[in-house]
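Below is one structure, written out as structure tokens; comments come after it.
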């Protein structure tokens, strides 16, 4: 992993937030593949996979017994298209991570068609639930943030890059950032409509904008932690 990304990850460790109803996701568009990493708390993953979490049974046992359903949920959380073409997952992995978090990794078919379009199909199993997913899409080749948004069961599709979004560079952390351990900032680009930003909108109350930003940036940790656990 490139040094600029490692330094960026180190800077946001302290800012990481946990929301029991939030799924953190990040897409890495690389030169030879597209990867999608997910992380969520154990009860959220079990519930959305159609399983009933239990305090009387060890989490490890529940995870092993429910692995097929968890893989199905992780693999189907997003319906992904590129242009008018469906983007298929070549590989889906799910594991039980630290603090009993469920972590998923999808390797997707590489495509040059744009925009990348994400529909949160997996959240529509429970349309009245408070679950949401923060989504960040990164262009690892050009070191740019293609966009960032928060999606719920009734959210419209999110497109990256959008017609109005401008890709934001991921600059290398400066010496000042590294020395003071201040989190490097990634400017979010969202696909939410103007109505979604008005006071009183239900989605805004369920997942504050500040949490979305922090959760999206900290989602970069998923790939790093995944690679360390498999090393």
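Checked against the criterion of being in a loop (DSSP other than H, G, I, E, B) and closer than 23 Å to residue 159 by Cα, the candidates 31, 54, 25 yield just one match: 31.
Among all residues of segment 41-61, there is none that is under 18 Å from residue 103 (Cβ atoms), under 13 Å from the mean Cα position of the chain (by Cα), crowded, with 16+ Cβ neighbours inside 10 Å and at pLDDT below 95.
Annotation note: Cβ proximity below 7 Å between a residue of segment 53-64 that is under 14 Å from residue 94 (Cβ atoms) and a residue that is not in a loop (DSSP other than H, G, I, E, B) (sequence gap 6+ or interchain) occurs for 59/42; 59/96; 59/100; 60/96; 62/46; 63/96. Any residue at all in segment 65-77 that's surrounded by 17 or more Cβ atoms within 10 Å (Cβ to Cβ) and in a loop (DSSP other than H, G, I, E, B)? Scanning segment 65-77, I find at least one residue that is surrounded by 17 or more Cβ atoms within 10 Å (Cβ to Cβ) and in a loop (DSSP other than H, G, I, E, B), so the answer is yes.
For residues in segment 94-113 being more than 15 Å from the chain's Cα centre (by Cα) and closer than 12 Å to residue 70 by Cβ, which is surrounded by the fewest Cβ atoms within 10 Å (Cβ to Cβ)? The residue in question is 95. In summary, residue 84 fulfils each of the numbered conditions (1) at pLDDT below 95; (2) within 19 Å of residue 19 (Cβ to Cβ) with the single exception of condition (2). Filtering segment 78-93 to residues that are under 23 Å from residue 155 (Cα atoms) and exposed (fewer than 14 other Cβ atoms within 10 Å of the Cβ) leaves 83, 84, 85, 86, 88.
Considering only residues that are farther than 18 Å from residue 101 by Cβ, surrounded by fewer than 23 Cβ atoms within 10 Å (Cβ to Cβ) and touching a strand residue (DSSP E or B) at 6+ places or on another chain (Cβ under 6 Å), which ones fall in segment 19-32?
Within segment 19-32, 28, 29 qualify.
The values are calculated or read from the model by the stated rules, or taken from the named source; none is laboratory data. Because the structure is predicted, anything quoted here is derived from the model rather than measured. With ideal geometry, Cβ positions are generated from the backbone for all residues, glycine too; neighbour counts draw on all protein chains shown.
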